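Q: This structure is in structure tokens; I'll ask about it shortly.
The values are calculated or read from the model by the stated rules, or taken from the named source; none is laboratory data. As the structure is a prediction and not an experimental result, all values here were calculated from the model. Every residue, glycine among them, receives a Cβ derived from its backbone with ideal geometry; neighbour counts consider all protein chains shown.
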Amino acid sequence: MLNEARKIALLLARLLGLKVDGKFDEFNTAFDDALLNEYNIETEKLLALTEDEFKAQVSAADYSTEKLNALSQLLYMYAEPFEADEETVLLLKKVMIIFDLLETDHHYESFENLDKRSTIYRYFNDNYGS
């Protein structure tokens with residue numbers, strides 16, 4: 001379990017570094033590889049899933065708490081900076097689905113996820129009034 005958590009932390013740090021450095025092609029390639037290797041799904045397929053399809057897929061996969069939390073972090077990072085468009089809306093709704101699953105099914109909450117949830121609510125309120 002510690003090895004998996006360490007591997008995920010390194011992956012997230014690497015992706016964040018690429019994004020901060022403006023290496024978007026490398027970021028996208030590394031992101032695609034991470035989704036395929038860790039979650040067995042291609043980025044395009046994941047992005048195309050409806051909310052219901054995504055929730056069903058994530059629930060059926062029965063990921064560990066750590067792996068599920070890492071997926072939420074990956075998707076949140078991918079969505080940044082938040083644009084007012086349909087792709088970002090759907091992506092952030094998927095992050096919220098994961099946060100809900102973490103809280104209800106895994107009894108897991110973190111200050112980081114609560115802060116991100118608050119940021120997502122502000123995004124929806126500021127851009128869509130809901």
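Q: Right, residue 109: touching a helix residue (DSSP H, G or I) at 6+ places or on another chain (Cβ under 6 Å), outside any helix (DSSP H, G or I), over 14 Å from residue 120 (Cα atoms) and modelled with pLDDT under 95 or not?
A: Spelling it out, residue 109 is indeed touching a helix residue (DSSP H, G or I) at 6+ places or on another chain (Cβ under 6 Å), outside any helix (DSSP H, G or I), over 14 Å from residue 120 (Cα atoms) and modelled with pLDDT under 95.
Q: Look through 18, 35 and report the one residue that is touching a Ser or Thr at 6+ places or on another chain (Cβ under 7 Å), on the phi < 0 side of the Ramachandran plot, aliphatic (A, V, I, L, M) and free of Cβ contacts under 8 Å to residues at least 40 places away in the same chain.
A: None of the other options fit; the residue is 35.
Q: Another question about this same structure. Looking for whichever is among the polar types (S, T, N, Q) and on the phi > 0 side of the Ramachandran plot here; the options are 28, 113, 40, 69. Which one fits?
A: Just a single option satisfies the conditions, and that option is 40.
Q: Of these, 45, 19, 23, which one is closer than 20 Å to residue 90 by Cα and either at pLDDT 90 or above or over 14 Å from the mean Cα position of the chain (by Cα) (or both)?
A: Unique residue meeting the criteria: 45.
Q: Provide a single number: the residues in segment 97-118 that are surrounded by 14 or more Cβ atoms within 10 Å (Cβ to Cβ) and touching a residue at least 12 places away in the same chain (Cβ under 8 Å).
A: 10
Q: Out of curiosity, is residue 102 in a helix (DSSP H, G or I), hydrophobic (A, V, I, L, M, F, W, C) and within 23 Å of residue 6 (Cβ to Cβ)?
A: So residue 102 passes the test.
Q: Taking residue 50, is it of a type outside the set (Gly, Ala, Ser), modelled with pLDDT of 90 or more and more than 22 Å from residue 118 (Cβ to Cβ)?
A: yes
Q: Turning to a different aspect of this structure: Pick out the one residue from 90, 101, 114 that is more than 21 Å from residue 12 (Cβ to Cβ) and either aliphatic (A, V, I, L, M) or in contact with a strand residue (DSSP E or B) (Cβ under 9 Å, 6 or more places away or on another chain) (or both).
A: 90
Q: Additional query: Go through 30, 5 for me and flag whichever is out of contact with any His (no Cβ under 8 Å at 6 or more places or on another chain) and modelled with pLDDT of 90 or more.
A: 30
Q: Looking at residue 93 and the list (1) crowded, with 18+ Cβ neighbours inside 10 Å; (2) at pLDDT 95 or above, which single condition is not satisfied?
A: Unmet for residue 93, out of (1) crowded, with 18+ Cβ neighbours inside 10 Å; (2) at pLDDT 95 or above: (1).
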